[in-house]
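Working notes for the structure below.
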Amino acid sequence: MAEQQFDIVVLGGGSAGYATAIRATQLGLSAAVIEKDKLGGTCLHRGCVPTKALLHAAEIADVARSGESYGILSSVAGVDIAKVNSYRENLVAGKHKGLQGLLKANKITVIEGEGRLVAANTVQVGDDRIVGKHVVLASGSYSRSLPGLEIGGRVITSEHALELQEIPGRVAILGGGVIGVEFASVWRSFGAEVTIIEGLPHLVPNEEESVSKQLERAFRKRGIDFKLGVRFQSVSQDANSVTVNLEDGTVVNADYLLVAVGRGPATQGLGYEEVGIEMDRGFVLTNERLATNVPGVYAVGDIVPGLQLAHRGYQQGVFVAEEIAGLAPVIVEDVNIPKVTYCDPEIASVGLTEAKAKEQYGDANVTSYEYNLAGNAKSSILGTAGSVKAVRVVDGPVVGVHMIGARVGELVGEAQLIVNWEAYPEDVAPFIHGHPTQNETIGEAMLKLAGKPLHAI
């Protein structure tokens, strides 16, 4: 039995895991990453990157259909799903090769195989024992289902949806969160009839309510159907279709049912509980500095309760490496990590919703302004509707920015800085944004909240 020793041993080579290792080696620490599948994890191979490739293909189809309104005589003769999938696969393969080179350049040892935590400082891979002064758990997540809802046949998860070799004629989607609305957007652009089933009162229920309502209006306009505030009851299937029964008696017929009810922590059978790691429903519990109750063991990414985002994983991985190195990094709360949903129209947000801000600061101490994209020249050029809403504490900082519209995900970087640096609208207002850009929408919201609107009323 061979034994290897490192300063940091990372169990999992997804976004959080490899970010931990890269930052660790930058700080002069030796690091090993143990990965049973492929470096990059869910994000690169089954999540963020391949789904956004599909969404880009969908956007091209939509632009081609609308070309005539811009004076361009274009149309969509059809969608060659085999070529779409080839584009997606080649993109992922290229990024995977680049990531392998990145870890090699950083002198990170990559160990292929399924790891299991056998002691606070030891991960076993086959017959080998990988020992670290510190161990970082980063084993990622999997697609959840509901009790009694078995995945198989025409009942699929997002991983299966990516691999479909056909464009369904009709699709039912269980769950109106990020995954559900993104796949709904793709399939509708490819010509499918789509019905979303969401048990809560709104689509993307974790977003600002006004954003959810605007998305619902946009989806209705696109012909995407949705059932809100009603729960799933049962599903049956045959060789060619699925029948979905809802608790209110509604029946939805489709070619496939996509189960998009969130992701669970991939921690079962990895030895965490046996070593004494404190858990809750499969999630690894940590303190605010991402340390578990077992000395020397940290956890990062989707297995830690909270937002399940690749860039949260990056942030946590960098944080833990710096924490181990003694740099005492600054904590970034989940609420102040930017979120982007890449449906059409896009959604981006950071910070508190207006309702949450009022809970925290009191109704009288919170004000907001919602700038309509109709007043923004670049948004009109793009042909998009939507808004940018900023929430501030009265005579205090901006605590939330919430956006919907084409390409607003590209604006969330500035919004993140405003919220995390606790900037006042008055701090931002003097900095006039380039014209014509969509960035102006953030500037206009800040000008209005600072009491000196330019293009806002």
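Computed from label points 7 Å out along Cα-Cβ, the spacing between LEU417 and GLN165 is 4.9 nm.
Taking label positions 7 Å along the Cα-Cβ direction at both VAL330 and ASN240, the computed distance is 6.1 nm, reported to one decimal.
Extension gain ARG222-ARG144, at 0.36 nm per residue separation less the Cα-Cα distance, in nm? Working shown, then result.
Working: separation 78, 0.36 × 78 = 28.08 nm, distance 2.81 nm.
Difference between extended and current length: 25.3 nm.
A convex hull fitted to the Cα coordinates of the range 35-173 yields 184 cubic angstrom per residue.
Couplings 3J(HN,Hα) for the range 66-75, derived from phi with the Karplus relation 6.51 cos²θ - 1.76 cosθ + 1.60 (θ = phi - 60°), are 9, x, 4, 5, 9, x, 9, 7, 10, 7 Hz, where x marks Gly and Pro.
Within the range 358-457, the proportion of C-alpha pairs whose separation exceeds 20 Å stands at 31%. What FRET efficiency, computed as 1/(1 + (r/R0)^6) with R0 = 51 Å and r the Cβ-Cβ distance, is obtained for SER66 and GLU278, rounded to the nearest 0.05? Calculated transfer efficiency: 0.45. Seen from LEU29, the other residues with C-beta closer than 15 Å to its C-beta sum to a net charge of 0, counting Lys and Arg as +1 and Asp and Glu as -1.
Think of each Lys and Arg Cβ as +1 and each Asp and Glu Cβ as -1; about the Cα centre, that makes the dipole of the chain roughly 700 debye. How high is the relative contact order of the range 1-149, given as a whole-number percent (alpha carbon pairs under 8 Å, six or more residues apart)? Averaging sequence separation for qualifying contacts and normalising by length gives 40 percent for the range 1-149.
Measuring from each cysteine beta-carbon in the chain, the ones with no other cysteine beta-carbon under 4.7 angstrom are CYS343. Annotation for the range 290-309 versus the range 84-109: alpha-carbon center distance of 26 Å.
Entry note, the range 316-444: relative contact order of 25 percent, from Cα contacts under 8 Å with a spacing of 6+ residues. Between ARG129 and ALA2, GLU3, GLN4, the built amide H atoms are under 5 Å apart, and every one of these is 5 or more places off in sequence or on another chain.
Grab the Cα-Cα distance for ILE81 and ILE151, subtract it from 0.36 nm times how many residues apart they are, and report the gain in nm with one decimal.
Details: separation 70, 0.36 × 70 = 25.20 nm, distance 2.34 nm.
Fully extending the segment from ILE81 to ILE151 adds 22.9 nm.
Between ALA93 and ASP427, the FRET efficiency from the beta-carbon distance, with R0 = 51 Å, is close to 0.70.
Dipole orientation for the chain: of the candidates ALA93, LEU215, TYR256, ALA93 has the Cα lying most toward the positive pole (charges on Cβ; Lys, Arg +1; Asp, Glu -1). The stretch between VAL230 and LYS104, if pulled fully straight at 0.36 nm per residue, gains 40.4 nm over its current Cα-Cα span. With 21 Å as the limit on Cα-Cα distance, the pairs of LYS52/LYS389; LYS52/LYS97; LYS52/LYS83; LYS52/LYS95; LYS107/LYS339 that go past it are LYS52/LYS389; LYS107/LYS339. Using C-alpha pairs under 8 Å with a sequence gap of at least 6, the mean separation divided by the residue count of the chain gives a relative contact order of 15 percent.
Between ALA374 and GLU114, how high is the FRET efficiency from 1/(1 + (r/R0)^6) when r is the Cβ-Cβ distance and R₀ = 41 Å? Nearest 0.05.
Details: r = 54 Å, r/R0 = 1.31.
In this case the efficiency is close to 0.15.
Counted by Cβ distance under 12 Å from ALA19, the other residues give a net charge of +1, where Lys and Arg count +1 and Asp and Glu count -1.
Residues SER236, SER185, ranked from the fewest to the most other C-beta atoms within 10 Å, line up as SER236, SER185.
Within 12 Å, Cβ to Cβ, of LEU270, how many net charges do the neighbouring residues add up to if Lys/Arg are +1 and Asp/Glu are -1?
Numbers: positive: LYS36, ARG116; negative: GLU114, GLU273, GLU274.
Cβ neighbours under 12 Å give a net charge of -1.
Values in this text are rule-based calculations from the coordinates and carry no lab data. All of these numbers come straight from a predicted model, not from anything done at the bench. Using ideal geometry, Cβ is built from the backbone for each residue, glycine included, and neighbour counts are taken over all protein chains shown.
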